[in-house]
Structure formats: C-alpha cells, structure tokens
Amino acid sequence: MATTAPPLVNPFREGLSLEGATQPVQLVIFGASGDLTQRKLLPAIYNLCQAKLAPPAFSVIGFARQPMTDDQFRKVLTDSVAASSEVRVRDAAALQQLVECTHYVAGDFHDDAAYATLRDAMQRYDRQYATNGNRIFYTATPASLYGDIAAHLHGAGLVKPGEQPSFVRMIVEKPFGRDLASAKALNSELLTYVGEDQIYRIDHYLGKETVQNILVLRFANGIFEPIWNRRYVDSVQITVAESLGIEGRGSFYEETGVVRDVIQNHALQLMSLVGMEPPVSFDAHDFRDEKVRVVKAIHPVTPADVASVAVRGQYGPGSVAGDRVVGYRQEPGVDPNSITPTYAALRLVIDNWRWAGVPFYIRSGKRMPKRITEIAMQFKEAPHLPFRKAEVETPGGNVLALQIQPDEGVTLHFDAKVPGPSMRIRAVEMDFNYGETFGVSDASPYERLILDCMKGDQTLFDRADGVEAAWAIVDPILTAWASDKDVKFPNYDAGTWGPAVADELLARDGRSWRRL
Amino acid sequence: MPGGDGMPAAPMKGLTPVAVPGIEAALAERRRAMIAKLERPHSRACVMTLLVGIEEMKDNQPAFDVVQQLAGKYPIRVIAVGRAEGADGGLAAWVNTECEGAESVAICTEEIVLQSSADAVDRVISAVRGSLVSELPVVLWWRGSVPSGNPLWTGLFALADRAIVDSHRFAFRHAGGDAKAVSSGRGHGPAAIKALRDLLREAGTRASVRDLNWQRTAPWRAAVATCFDDREMLALLPGIDRCAITFAGERDDDPPSARALLMAGWLRNRLPRLHEQSKVAAGKRSGGLESGRIVAVTLTSSTNKSSLLLVRRAAPIGIEAQASSREGKAFRRWDFGASTLTEAQLLDGCLESLGSDPMFEASLRSAIS
Ligand SMILES: NC(=O)c1ccc[n+]([C@@H]2O[C@H](COP(=O)([O-])OP(=O)(O)OC[C@H]3O[C@@H](n4cnc5c(N)ncnc54)[C@H](OP(=O)(O)O)[C@@H]3O)[C@@H](O)[C@H]2O)c1
C-alpha cells in the first residue's frame, strides 16, 4: 500500500514566534487607493516591517479600480507613512525595503478579467519573493463588495491553498452586515467560497491592549472571579463616549447611526469579555466559543420590549471642550429632519446562572463632554453598616472601573476612614495606570491584528455565529426605531451626557449613570 | 575622590548618600519631590526589583548606562551592588529616583547603589534583602565573569527568581588543557558552556537562568529559520547532515566561543542528525571584529551538493544567505538587515518574559563541550 510522506515541517521555526518570526506571505489589499488603506493599513504594515515582525519573504499587492503604476502606489505608501502619527520609528532603509516589494494591480472588483490579471501578478510575485503560495486578502472596500470579491477569488482559483503547507486567509473589514438578515446573507455568501477557518472578521477594538487586559485581569487573578457574579455585582455600566461629532462623514453616518457604528460591535464585544465564562484555553476555538455563548445568553429584546430597554438620542447644537458646535441635523450631508440616532442606551440582562438579574447598562454617543470608554462593575453594598449614616460621607459601594481609553487602567473605589477622632468614612480611589506601569503601548490595533492573521491566530477575530448573535440583539431595536418616526430630535445638547430619557432608563431601576 | 563624612565617592552622578537604615525614607522623599515636579497626580507603580551584581565598582559606568536606558521603559527598583575597597566600615549606600517621559505618562525608577568591601558581603546582602519590593519578581543581572563561587553572586542569587548572565564575559586563565575561571581574562567557550550548565543545575526549579550571549544568536537563528521557510530549501532538508560555524578569533587554534557553541547547540537540537558532524572553528579575524562573534554558518549534505551558507556582512550590518541545489547550483539568496544589539536591548529582551527559555536550555544541553 502506497503511503504519502507527511509534509516537511521547518524544524527551525519552533520557539522563534516570541521573537516575531512569521511565515512568508503575500498580502493583497482590496481597496488599496482608499482611506482605510492609506490612514491605517499601510502605516501598520510599515511598522510591522520596521519592527522585523513581518516575514523577510513578504510582498504587498494593492488592488483597486483607480489606474496606478507600481511607482505611483509606492508613492501612496511613502506618503501615508510620512503622514501617519502611528509610525513609531522613521527608518528609511526599512521603508525602502517595503517599497521594493510593493506592487499595484488596477481593476474593477466585478470584472473577471481583473482577477485573471491579479492571479498572474500574484503568481509572478510569489516566485519573485518566495512567499510559498501563502496569501492574505484584505478587503478594505465598501462592505457591499465583500461577497462578490470572495466569489471572484474563488472563480479565479485564488482561495484554495496550493501545495501544502501553504495558507490562504481573508481579512474582512467591518461593517459586517447592516442587520441580522444582511449579516446572515453575507456569512452564507462568504462561506460558500471561503472556509470559516480562513476568514478573519476584524473589529479593531479587540486589537487594543487594554481590551485584552480585561481578560488578563479576570482570568489571571484569583481575586476577581469569585466575586464576578450576581451575588456580588449589582450592575455593570459600559460607556463608549466620543466628544467628536461625525467629522464630515454625514452620508455615511445617516446610513449607520450609533447602534450599527458602535453598539452592535464594540460595546457588545466589551460586554461579552466582561460576561463570558473562563475559556478552557486561549486558543481561537475555546475562546470564541465562550464569547459567543454569553452573547447568545443575552435576553432577547422583543419588539414589545424595545421602549422599556432602549432609548435613543440625537445631539443638537452646544459646546464641547469650550468650542461651539452645530447640531447633528446641521452637519453637512445630513437630512435636516434626520432621525438617525447619535446616542443610544440599552438595558440588557444575561440569562445564565452567573448573571441572572444583573442589568448591563450600555451607552454610546457622539458629542459627549469627553472621549471615554470604560466598563464599571458596581458591587453590592455591604449587607450591614455598623456606622451611623451621617458618618458615611459619600456612600456608593465599591466600583471596579476598567478604563479602556484614553487613560487605560483600573480603578477601585472603596471606603476609607478619614483620619481624626470621629469615625468619618469617605470614598477613595485606588488607581492602576497602564501607561505608568508599562509605558504606553504604541502598536496600533491594526498592526496587532494583521500580525495575528499572519500567524494564523483567529482568537481576536469574530466568528460568523458571534456576529449573527450580536446582530440578533440589536435587530429588533433597529426595526422598532426605523418604523417609529415620531421622535423628538434633537433631545440632548452637544457637550452633555445624553438625553433625559437615558437617565430615566436607570432611574426606573433606582440607579443612575456614573458621573465621568 | 572620596566624598565627605568618610563616605567614598558616589559611583555615578545624581546619587544621594544615605545610611542603609534611611534608604526607604530617602527614596520616599525623593519620590515626593519628583511628583511635585510632575505637577500632576501620579500613582506609584513597580513591576520588579532588578538586582545588578557588579564585580568591581570601578567598572560600573556601562552597567549604570544600561539601567538608565531601561529606566524609561519599566517602573522598577534597581539595586546595584558592587565590590569596592575603602567603603566606610565595609558598606556605603546611595539612592536616586528618576522619572522619564514626564509629559504624558511618567515612569519612575528607584535606584539604590550599595558598595561593599570584600569582607562585608553578608552586610550588603542583608541591606539588599531589606530593600526588595514585597511580592514582586526579583531579577538578578550579573555583570561579571563566571559567577559560581563568588560570594556576592551566591548571596544575591539566593534572593532572585531569575538570573541573567553574559557568558561572553566569562573569563578563564588557561592552564594547559584546563581553563580556570578568573574575574578577567580570555574567553573559553567549552568552559563557559560548562559554567552555564552548572548555573542551571544550581538554579534547579527555584529560579531560571538566561544568557545575553544566547540572545545575540537570535538574528542568526531567525535567518536560518526563514531560509527553511522557502519550499525549495525545505525540500533539501532531509539531505542536510553537516554544519559548520565559524567565529571571529585571534588564532586558528583558539578555543571555540560560547556564542558559536550555543548556535551549534541550537542547530543540533533542531536537527539531531547534525550531532554526528558539526564543526565550530575560528575564522581569520576580519575587520577588527570582536572575538567570539559568529562570522558564518554553513549547512551541507554529505550525499549531494546542496547547501545553505550564511555569512556576516560588515556594512551595512547584516547576514547574507545563499542556497544551493543538490547539483551545487545557487538558486536563492537572502539579505537580512540586522543591527548590533546593545547590552540594554539584550537585557530588555530577557526581561520581557519572566519564565525560563526552554529553547536556550535545550540548546545548552546539545552544545558541544
Ligand atoms: N476609513 C476608516 O477609517 C474605516 C474604519 C473602519 C472600517 N472601515 C471600513 O473599511 C472599508 C473601506 O473603507 P474606506 O474608508 O477606505 O473606503 P474608501 O475610501 O471609499 O475606499 C474604497 C476602496 O475600494 C475601492 N473600490 C470601490 N469599488 C470598487 C470596485 N468596484 N472595483 C475596484 N475597486 C473598488 C476604491 O478604489 P477606487 O478609489 O480606485 O475606486 C477604494 O480603494 C469600508 O467597508 C469601511 O466601512 C473604514
């Protein structure tokens, strides 16, 4: 009986991953002339090369409609590196090395002939740079094109790995659908052509060091897990506040709104990291199983519930950080009668043993007084206070606040005795500042996530069922709000913490938003 | 030049002399002064105590320069301990607090410098013991020759969870075929490898040991691994059964350098059939290259003409590699840019993770000795 020899494995690779070595690879960027490529992707790729984290056998191929020569695209690369504040070390030799292995192919993503040209170029450069047939496709294009791109790549024979042990991976940008039905349709279209283990759905929030630190805080410390449940936690507040408005992207925001832009992805990501059960391991499979499980356990919001668990808002004119700003409806590209929400607050509960009865309050808005993202675990008050009420100056119980941005860190609020002869008690804060302990991490989330994709690590990327579970939570809210046009907007002034209805949402439970 | 009050001169600028019992109070005071200068709230952070063992305080400046370079990266307490004659009553102490990057986030380092005469090692160790930051990892960076048998090392290592040495600094006096460890002299790779193995044995499971010299082989290891990522090169691997490493030496009969032996150990560990045929030899000294550095690595086949040759390039610094087919025809070249890693970068690499380095330990076991 003939047996096939097992594929040869490079024995010298083992143990080197800590030093950053990755497999040779060709990175093809769809939408290479676009904003995301220029502002985020090219500087991130340069940083990876400069830090010698990208493999020495590496090449970049830009692909978009706009006709450009290799030299013109190389100029786009050097200009975007020069303009980026995310570039850490300006290293002319490293940039030159990257420039020399960067190429461009022009073509329309709907055109079969363009993919034949792309395939020829990929084969040529694969030989030239010895990238072993390993490919990553990055879709930095309008979301409506993702499915079509996958179909064409499949048609051109580009998504099947060639000879073992090569790989083909596809990084898919957000937004991943605009509601549950479109996300399901996109998943099923992509999965017709590309395997789930090849798809890397990016949410750059998961590439942030401090978001990953939530997991370390929870699962590397023995003291938090025992109290991380309904017996000790009163409620959880997740805030994703931006002081900016829509920055000239009126037509984009009109189609999107705060729920699609932030709540369905970033805010629910944070909620799942705080709420998930400890995974058996941090491999992509175990970790994502637990992350999806907790999103699926969120109590479904029915159309009848929407009014009692979700509120929306839109900013009017006001002042932010000392500057007068216009209201949303006065922004360029925005309908003067728009009912697109720029603020939303939700009250969600998780139906499982750990969290039953603990409300998770989520709020996100534009034009808030400051930019801040934090998760606050409000703990229950001590069951009995042996002190007179007057002695406790600022009762409030214990809060563990995980700050994600801008001042990454962890703060614990607890009560302490004010020095003196009487028993006066005052709330104090104990701070851990990430930057002051480890220095500020300067790698951008895109850098981290592209590197993870090069290494074949899907842990920090979304899985199809995770994306659909998140859409299932917000879908009824989007539907209800789209059909109920009778809303009095604007209902909060720019530079304030959102509409009064958001305060009422918590007041009904006898709680209030944290003053940030 | 001696300091006032019978105090020896401070081993570096910016240090304030203190009596050992006053170390914590002096640090706290300097800290308060630093925070006042920052004009913003600052929480104290500390991630480890770094003990720096210096054999002779008069050679201390490079060690302090390295500490300064690390200071901006980690909030650490550094306790530098060295031997110097003439320390008052056998023991002298200084402190300093430095905050870096005050504009955005400030990372503060506390420095304690302890100097003792040879007969006051027990006193200096007791001062170190009392100055460790509670419950945080203690890393000992030994900046000297072979540490075993040195009472300062013994005292400091007993307090540490991790020791970092530099086998390149291990010095020996050659007496016939034997090499006897001394505080300064010539390198002798086989003796250094034996000394490293002894250290690992001494550490057992209580502490881990790392070697800066092993870190210096990282660019060579990464280059070899990358060459074998190439499918054509990988296809030649089954036939590869010989390796040769050339290091910079003074004479052809120089004993192999520790670095070259560690590199050979790694190759032999990764490809056990190389155990039979591996060679480490001194190359003609080129361009004033420091002794012991790797100059070339060759992997060849005894049954055909396939080979991989990696050669150090002087300017710009890098490694050039060339692969040849079974017929001896060159089919691929690589050019790896590299830079000479500074002592601070090497130490930083060792501090990034606190556990042991299994690949280093396996390569040390496989090194020729
Ligand atoms: N920009 C950001 O900061 C950001 C942040 C997060 C997520 N995203 C997501 O990333 C994706 C890209 O965003 P973007 O802001 O970079 O968009 P963009 O500036 O509009 O760029 C779109 C790119 O796609 C190309 N393209 C569009 N239709 C094409 C076609 N039929 N054939 C060939 N090329 C075509 C364009 O090429 P031509 O110019 O040659 O037509 C352009 O290179 C979007 O899905 C967006 O939601 C963007």
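The Cβ shell under 11 Å around A:Ile199 holds other residues with a net charge of 0, Lys and Arg each +1, Asp and Glu each -1.
Using the Kirkwood radius over C-alpha pairs as Rh, can you work out the diffusion coefficient of chain A via Stokes-Einstein at 25 °C, viscosity 0.890 mPa s, in µm² per second?
Values: Rh = 25.0 Å.
Calculated translational D: 98 µm²/s.
Seen against the Cα atoms of chain A and their longest principal axis, helix A:284-296 is set at about 40 degrees. Note on segment A:442-510 and segment A:168-186: Cα centroid distance 16 Å, given to the nearest whole angstrom. Go ahead and estimate [θ] at 222 nm for chain A from helices alone: -39,500 (n - 2.57) per DSSP H run with n ≥ 4, summed, over the residue count, rounded to 500. Mean residue ellipticity at 222 nm (helix-derived): -9500 deg cm²/dmol.
Measure out, as a whole number of angstrom, how far apart the alpha-carbon centroids of segment B:206-261 and segment B:327-349 sit. After rounding, the separation between the Cα centres reads 11 Å. Shape call for the protein assembly as shown from the C-alpha gyration tensor, a ≥ b ≥ c root eigenvalues: rounded (a/c under 1.5), prolate (a/b greater than b/c) or oblate? Oblate, because a/c is 1.5 or more while a/b does not exceed b/c. Of the trypsin sites (Lys or Arg not before Pro) in segment B:102-211, the ones in a loop by DSSP (not H, G, I, E or B) with at most 14 other beta carbons within 10 Å are B:Arg206. Rounded to the nearest 20, the Cβ-based charge dipole of segment B:16-160 about its Cα centre (Lys and Arg +1, Asp and Glu -1) stands at 360 debye.
What order do you get for A:Phe30, B:Phe336 when you list them from fewest to most C-beta neighbours inside 10 Å?
Numbers: A:Phe30 24, B:Phe336 19.
Going from least to most buried by this count: B:Phe336, A:Phe30.
Within the shell of other residues whose beta carbon sits under 10 angstrom from the beta carbon of B:Val66, the net charge comes to -2, with Lys and Arg scored +1 and Asp and Glu -1.
Averaged over the residues of peptide A:51-58, the number of Cβ atoms from other protein chains lying within 10 Å of each residue's Cβ is 3. Could you list, in their original order, any pairs among A:Lys380/B:Lys73; A:Lys291/A:Lys380; A:Lys208/A:Lys455 whose Cα atoms are separated by more than 27 Å? Pairs exceeding the cut-off: A:Lys380/B:Lys73. Counting Cβ atoms of other protein chains within 10 Å of each Cβ in A:427-438 and taking the mean gives 4.
Net charge near B:Leu140, counting Lys/Arg +1 and Asp/Glu -1 over other residues with Cβ under 12 Å of its Cβ? Spelling it out: positives minus negatives among the neighbours equals +2.
Measuring nothing but how far apart in sequence close Cα pairs (under 8 Å, 6+ apart) lie, relative to its length, chain A scores a relative contact order of 16 percent. Summary of the geometry: segment A:60-116 and segment B:290-313, compared by the centres of their Cα atoms, lie 36 Å apart.
Sparsely packed loop sites in segment A:227-280 (the GluC sites (Glu not before Pro) outside DSSP H, G, I, E and B with at most 14 other Cβ atoms within 10 Å) comprise A:Glu247. Angle of helix A:70-83 to the longest C-alpha principal axis of chain A, folded into 0 to 90 degrees and rounded to 10: 30°.
Multiplying the residue separation of A:Glu196 and A:Asp335 by 0.36 nm and subtracting their alpha-carbon distance yields 46.1 nm. Considering only beta bridges that DSSP places wholly inside the protein assembly as shown, some 55 percent are antiparallel.
Look at A:Leu402, B:Leu196 and count the other Cβ atoms within 10 Å of each Cβ; fewest to most, that gives A:Leu402, B:Leu196. In terms of the mean number of neighbouring beta-carbon atoms within 10 Å, the peptides B:325-334, A:502-511 order highest first as A:502-511, B:325-334.
Once the Cα atoms are used to define both axes, helix A:445-455 deviates from the longest principal axis of chain A by about 50 degrees.
All of the numbers you see were taken from the coordinates with simple rules; none came from a lab. Note that the structure is predicted; figures quoted are calculated from it, not measured. As a convention, Cβ positions derive from the backbone with ideal geometry for all residues, glycine included, and neighbour counts pool all protein chains shown.
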